[in-house]
Amino acid sequence: MTTTRHVTRLATVLTGAAVLSFSLAAQARELSVSTVLPDAFPWGQAAEKWADLVEERTDGELTLRVYPNSQLVSGDQTREFSAMRSGLIDAAVGSTINWSPQVPELNLFSLPFFMPDEAAVDAVTGGQAGEMVFEAIESRDVIPLAWGENGFRQLSNSQGPIDEPTDLEGLKIRVVGSPLFQDTFDALGADPTQMSWADAKPALTSGAVDGQENPLSVFDVARIDQVGQEHLTLWNYMNDPLIFAVNRQVWESLDEAQQTILRETAIEAGEWEIAMTREQESERLAAIQERGVEVTELSDDQLQAFVEATRNVHDDWIAQIGESLVEAAQADIESR
Ligand code: X2X
C-alpha cells in the first residue's frame with residue numbers, strides 16, 4: 001500500500017516535470033531569418049536589430065536567428081522569396097530586386113530613373129503604392145511587415161569615367177534580379193550579365209566583368225574599389241528598398257501578442273536602418289574618394305541622356321508591374 005502510494009506520487013512528480021519541460025520547449029521558439037548581406041552592412045544590421053528587439057520584447061520566448069550570405073538558398077538570392085513562401089525559410093529581410101522574379105510588382109522600384117529622391121521613396125513605401133506592393137506580396141503567402149533600405153544604386157567600372165550612355169557601350173556589367181535589369185543595360189548599349197552577389201566579387205577580381213551597380217554602403221563595406229573598380233558614377237538610377245517579411249503559416253502559428261511584437265519591432269528596426277543608411281551616405285562617399293576612386297557626378301543634361309536612353313524600358317515593363325500600381329506610385333511621388 002505504502003509502496004503503491006509512493007510510486008503514484010513519483011509518477012505525478014515525473015509527469016509534472018515532463019509537462020514543465022515540454023511547456024518551456026513549446027514557449028521558446030526560434031525563427032530563421034535570411035539576408036543577403038551580413039552585419040558589416042546596414043542590411044545585415046537591420047536584421048540583427050530586429051532579432052535583438054524581438055528577443056528583448058518577448059523575454060526570449062521568440063528568437064530570430066539571422067542567416068546571412070544567402071546561405072539558406074545556397075547563395076542564390078533570387079530564390080529567397082520562393083524559399084520563404086514554401087516555408088524552407090521562416091522570415092527574411094530581403095531586397096525588392098531579389099524578390100522581383102517571383103513578385104513582378106516589385107519591379108516598380110527597379111524602373112530606371114523613376115524615383116527622383118529619398119522623399120519619393122518614402123512617399124511610395126508609405127503611400128498607396130506601398131500598400132499595393134504589400135498586398136501583392138501577401139497574395140503570395142508571405143506577410144510583409146516593414147520597409148528598410150539598401151539605398152540608391154550607383155554604377156562602377158574598371159575601364160573609365162562614365163558620364164554619357166555611349167561610355168557604357170560594350171562594357172560587361174554584373175546585374176542581379178529580374179530581366180528588367182538586362183533590359184535597362186541593353187538599352188544603354190552595355191553587355192549585362194546576371195550573377196549572384198556571391199559570384200560578383202570574384203568576377204570583378206578576375207576581370208570577367210567590367211562593372212557593377214550597388215549602393216554606396218555596399219561599395220564601401222565590400223571594398224569594391226580593391227577589385228579594380230576605380231570609376232564610380234553617381235546616377236541614382238534606382239532605389240533598392242528592403243522588406244521585412246514572414247512566411248504565412250509561420251505568421252498564423254504565432255499568437256496575436258507575438259504578431260504585434262514582430263511587426264512593431266520590424267518597423268522600428270527598419271526606420272532605424274533607413275535613417276542610419278542615409279546619414280552615412282556622405283561619409284561613405286568621402287571614404288571611397290579617399291581610397292582613390294574617381295567619382296563622376298552628372299549634370300542635369302547628362303542625367304537626362306540616361307533617362308532618354310532607358311525610356312523604352314518603362315513602356316515594356318509597366319504592363320508587367322501593373323498600370324494601376326505605377327499610376328499610384330506616380331501620384332504618391334507627386335504629392336510628396
Ligand atoms: O546582389 C546585390 O547587388 C545586392 C547585395 O545589392 C542585392 O542583394 C540586391
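Report the percentage of all Cα-Cα pairs in the stretch 197-247 whose separation exceeds 14 Å, rounded to a whole percent.
Of all Cα-Cα distances in the stretch 197-247, 57 percent exceed 14 Å.
Quick one: order ILE97, ILE318 by neighbouring beta-carbon count within 10 Å, fewest to most.
ILE318, ILE97
Among GLY322, VAL293, VAL246, whose Cα lies farthest out toward the positive end of the dipole of the chain, if unit charges sit on the beta carbon of Lys, Arg (+1) and Asp, Glu (-1)?
VAL246
Could you run the Karplus curve 6.51 cos²θ - 1.76 cosθ + 1.60 with θ = phi - 60° over the stretch 150-163 and give me ³J(HN,Hα) per residue in whole Hz, x for Gly and Pro?
Those phi angles translate into 7, x, 5, 9, 10, 9, 10, 7, 9, 9, x, x, 10, 10 Hz.
Which far-off residues, 5 or more places away or on another chain, put their amide H under 5 Å from the one on ASN247, with H placed in the peptide plane?
ALA91, ILE143
Find how much the distance from ASP117 to GLU169 grows on full extension, using 0.36 nm per residue of separation minus their present alpha carbon separation; answer in nm with one decimal.
Once the chain is fully extended between ASP117 and GLU169, it gains 16.0 nm.
Determine, for each peptide in 40-49, 285-294, 188-197, the mean count of other beta carbons within 10 angstrom over its residues, then list the peptides with the highest first.
40-49, 188-197, 285-294
Could you tell me the calculated FRET efficiency between GLU61 and LEU88, based on Cβ-Cβ distance and R0 = 30 angstrom, to the nearest 0.05?
0.80
Considering only C-alpha atoms, what is the centroid distance from the stretch 242-319 to the stretch 21-99, in Å?
18 Å
Short version: ³J(HN,Hα) in whole Hz for each residue of the stretch 184-199, in order, from phi by Karplus 6.51 cos²θ - 1.76 cosθ + 1.60 (θ = phi - 60°), x for Gly and Pro, what are they?
4, 6, 5, 4, 8, x, 7, 10, x, 9, 7, 7, 6, 4, 4, 8
Using 0.36 nm times the number of residues separating GLN226 and ARG278, minus their current alpha carbon distance, what extension gain do you get?
Full extension from GLN226 to ARG278 adds 16.4 nm.
Treating the angle as unsigned and between 0 and 90°, give the value, to the nearest 10°, between the Cα long axis of helix 128-138 and the longest Cα principal axis of the chain.
It is inclined by approximately 50 degrees.
So, in nm, how far is label GLU138 from label ARG311 when the simple model puts each one 7 Å beyond its Cα toward the Cβ?
Spacing of the two 7 Å Cα→Cβ label points: 3.8 nm.
Quick one: which residues, 5+ away or cross-chain, put their amide H under 5 Å from the amide H of GLY148? H built at 1.01 Å from N.
Correct list: LEU242, ILE243, PHE244.
Per-residue ellipticity at 222 nm for the chain, helices alone: DSSP H runs ≥ 4 residues times -39500 (n - 2.57), over residue total, nearest 500 deg cm²/dmol?
-16000 deg cm²/dmol
Using the alpha carbon gyration tensor of the stretch 236-336, what are the three equivalent-ellipsoid semi-axes (square root of 5 times each eigenvalue), largest first, in whole Å?
With the √(5λ) rule applied to the stretch 236-336, the semi-axes are 34, 25, 12 Å.
Binned at 10 Å from 0, what are the whole-percent values of the Cα-Cα distance distribution for the chain, short to long?
For the chain, the binned pair fractions read 6, 24, 32, 21, 8, 4, 3, 2, 1, 0 percent.
Within a Cβ distance under 12 Å of ASP220, other residues only, what is the Lys/Arg minus Asp/Glu net charge?
After counting each charged neighbour, the total is -1.
Where a number appears in this text, it was derived from the coordinates with a stated rule and is not lab data. Being a predicted model, the structure only gives us computed values, none of them experimental. Ideal geometry is used to build each Cβ from the backbone, glycine not excepted, and the neighbour counts take in all protein chains shown.
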